[in-house]
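Here's the structure, in C-alpha cells; my notes come after.
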Amino acid sequence: MKKDIANRDDIKLLIDTFYIKVRDSESLGYIFDKVANVNWENHMPIMYDFWESILFHSGSYKRNAMQAHVKLNEKTLLTKVHFDQWLIIFKTTVDELFEGEVANNAKTRALSIATMIQIKINEQTNIL
C-alpha cells in the first residue's frame, strides 16, 4: 500500500517527478523549455509552495497562477489538448506515488485548476 501525501517532502517528490514527465512530453515540454523559458531552479520552489497551499492551506504561495497562464497563452496558444495532457501526466504521477484522501484531493484540485485556467484563457482570448 502506498502512503498518502503528508508533507512538503511528499509534494516535492510529486512535483519533481511530474515535471520530469512534462518536460519529456512532446506536447508540453517545448512550452516550458522553449516558449516560457522556465528557470527550473526558481520555478520548482514556487510549485512546491503552490501545491502546499492548495493541499495543506499553508499560505506559502503568494503569486497569481491565473495571470501567468494568461500571459503564456499570449506567447503560444494553450489548448484543451495541452491541459488534458497535463492532467493525464499529473493524475498518473499521483497514482504512481501515492494513494489516499490528500492524493485524491490533489487530482480533483488539478482538474479544477486546469478548468479554471482554460475558462480564464478563453475569456481573455474572446476579449482580444
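Observations
- Ranked packing of 12-24, 63-75, most packed first, by mean Cβ within 10 Å: 12-24, 63-75
- In a reduced charge model with +1 at each Lys and Arg Cβ and -1 at each Asp and Glu Cβ, the chain shows a dipole moment near 340 debye about its Cα centre.
- Size descriptor for the chain, Kirkwood hydrodynamic radius: 15.2 Å (Cα pairs only, one decimal).
- Counting only whole DSSP H helices of the chain, there are none at least 20 Å long by C-alpha along their axis and with mean Kyte-Doolittle hydropathy no lower than 0.5.
- One quarter of the surface of the convex hull around the alpha-carbon atoms of region 23-82 equals 4.6 nm², the direction-averaged projected area.
Bear in mind these aren't lab numbers, they're just calculated from the coordinates by the rules spelled out. Treat the numbers as computed from the prediction; the structure is a model and nothing was measured. Cβ atoms come from the backbone with ideal geometry, glycine included; neighbour counts cover every protein chain shown.
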